[in-house]
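Read-outs: derived from the displayed coordinates by stated rules, not from any lab. Since this is a predicted model, take the numbers as computed values, not measurements. Cβ coordinates were reconstructed from backbone atoms using ideal geometry, including for glycine residues, and neighbour counts include every protein chain displayed.
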Amino acid sequence: MGNTFKTAFLLTALTLLLMLIGRAFGGENGMIIALAIAVVMNFVSYFYSDKIALAMYRAQPVTREQLPKAYAAVERITQKIGLPMPKIYVIPTESPNAFATGRNPQHASVAVTHGILELLNDEELEGVLAHELGHVNNRDILISSVAATVAGAITMLASMGRWAMIFGGFGGRDREDRGGGLAALFMLIVAPIAATLIQLAISRSREYQADATGAKFTGNPYALASALQKLDAYSRRIPLRASPSTAHLFIIQPLLGMNAGMFAGLFSTHPPIAKRIERLTGRPAEFTQ
């Protein structure tokens, strides 16, 4: 039940953050408006975060006839472990990647890119699908989907706050202008950091767990390790243009071109591919990150 607690904590944190930002910008009235916004955001986060993520990447539902091998692999695994059959989507991009989303196993969706279907062989694709079903089985798809919505909301609020500052959002109040301005400035600095921390805290450990769970489902950790190695290489050549707020959903880190130098590991939402492969196979990967 750890992920249920984490979800409740995230939604509570979003509510408090919105209220603090509302107070900083609009005093008591701002806090009341922010509370109303938070209630709506919490509802949307819980019930629609998966649909938002799928729509963001123009994911299209596919039938068994359109994607027989992927359907067969998912059916084998779900029947073996007793999970409901998720909906399957294809994202129209040549960059190879995949993610799972939904609020519980009964409302789960697995999305794969067109590129991953072209790149991987049947065993490797099954390894990737097993990884995504690992997220479903571990019940961390809700927390990751909600985190995407929360991180996006925090970043959006910070952006709105910057514009408010530029256009004189702090003027004309007889309350302590200086204190209010400092509080609002503090929020603008903290909000993007909070969004990043939410993603980092959630995604790194869950990727290791999903790798291990997926390998257990198939009994073939080497297939997933091989898939990860291919995905890492090809996604660098054809990077996925993803929103930073949803980067943690994917099996491998998108936006690789934006992570450079010594800070790449610090701000990556995923563990290094080499370490994931080493954990799967029990020996060092044959390449370096």
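Working from label points 7 Å from Cα in the Cα-to-Cβ sense, the Arg58 to Glu94 distance is 1.4 nm.
For Ala36 and Gln209, the FRET efficiency from 1/(1 + (r/R0)^6), where r spans their Cβ atoms and R0 equals 30 Å, is about 0.25. Peptide packing: for 81-88, 128-135, the average count of neighbouring Cβ atoms within 10 Å per residue gives the ranking 128-135, 81-88, highest mean first.
Of Lys230/Lys275; Lys69/Lys230; Lys6/Lys275; Lys69/Lys275; Lys87/Lys275, which sit over 21 Å apart, Cα to Cα? Beyond 21 Å: Lys6/Lys275; Lys69/Lys275; Lys87/Lys275.
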